[in-house]
1. Just to be sure before I move on: is C83 under 13 Å from the mean Cα position of the chain (by Cα) and closer than 17 Å to L120 by Cβ in the structure I sent?
2. Answer with yes or no whether R55 is surrounded by 12 or more Cβ atoms within 10 Å (Cβ to Cβ) and under 12 Å from the mean Cα position of the chain (by Cα).
3. Take D104 and decide whether it is under 15 Å from A135 (Cβ atoms) and either of a type in the set (D, E) or modelled with pLDDT of 95 or more (or both).
4. Does R55 satisfy being under 20 Å from L159 (Cα atoms) and among the basic types (K, R)?
5. For the range 54-71, indicate whether the set of residues that are closer than 21 Å to A19 by Cα and in contact (Cβ under 8 Å) with a residue 60 or more places away in the chain is non-empty.
6. I'd like to check something: does the range 69-87 contain any residue that is in contact with a helix residue (DSSP H, G or I) (Cβ under 6 Å, 6 or more places away or on another chain), within 16 Å of Q14 (Cα to Cα) and in a loop (DSSP other than H, G, I, E, B)?
7. For residues that are within 16 Å of P141 (Cα to Cα) and among the hydrophobic types (A, V, I, L, M, F, W, C), scanning just the range 1-23, find the one that is surrounded by the fewest Cβ atoms within 10 Å (Cβ to Cβ).
8. Among (1) in contact (Cβ under 8 Å) with a residue 40 or more places away in the chain; (2) farther than 30 Å from D4 by Cβ, there is one condition A26 misses while meeting the rest; what is its number?
Amino acid sequence: MSPDDALQALVRLQGEVSAAADEIAAGHGERLQCARGCSACCVDDLSVFAVEAARIRAEAAAVLTAPPGPTGACAFLDEEGGCRIYAARPYVCRTQGLPLRWIDETPNGEFVERRDICELNEPGEPDLVELAPEACWPLGPVEGQLQGLQAAFEPDAPLRRVRLRELFSPE
């Protein structure tokens, strides 16, 4: 797979992620408080695979010529807390706020399911631990696909990540 093919596959994958995340969110009714301007989760120091950074550079070049947002918050937030790169936003932003679930190995070798949710979305019925598995975003499968796309995009740097704020700096 060429770097261009990896970038095109990323666009498709992110579209699939958005559709699946929207479906999960729709099942939560009023519980999820996420909306334009809700940016408590949008913080500095988030990093993305270089293939995701390339998509942002390609689709949001005009944003990168403007000053980044204030330090501490995501560099891509506007004055009202809206995302200036929403269409090209990375995977982590597409699933933010959803109830998350993953399998973790304990020190004694047991595997347990863990769950988490944005504290703004925590209150609600049913309780987070009582949610059906399909009502949560599963961590792991998409991250593996992203890693594969990154490896195809930059075979010599298969795990290279880029901090979002660094996109405002010349390469």
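1. So C83 fits the description; yes.
2. Answer is no for this residue.
3. no
4. Criteria met by R55.
5. The answer is yes, given that some residue of the range 54-71 is closer than 21 Å to A19 by Cα and in contact (Cβ under 8 Å) with a residue 60 or more places away in the chain.
6. Checking the range 69-87: at least one residue is in contact with a helix residue (DSSP H, G or I) (Cβ under 6 Å, 6 or more places away or on another chain), within 16 Å of Q14 (Cα to Cα) and in a loop (DSSP other than H, G, I, E, B).
7. Per the stated criteria, the residue is A19.
8. So the condition that A26 fails would be (1).
The values are calculated or read from the model by the stated rules, or taken from the named source; none is laboratory data. Keep in mind that this is a model prediction, so the values were computed, not measured. Neighbour counts are summed over all protein chains in view; Cβ atoms, including those assigned to glycine, are modelled from backbone coordinates with ideal geometry.
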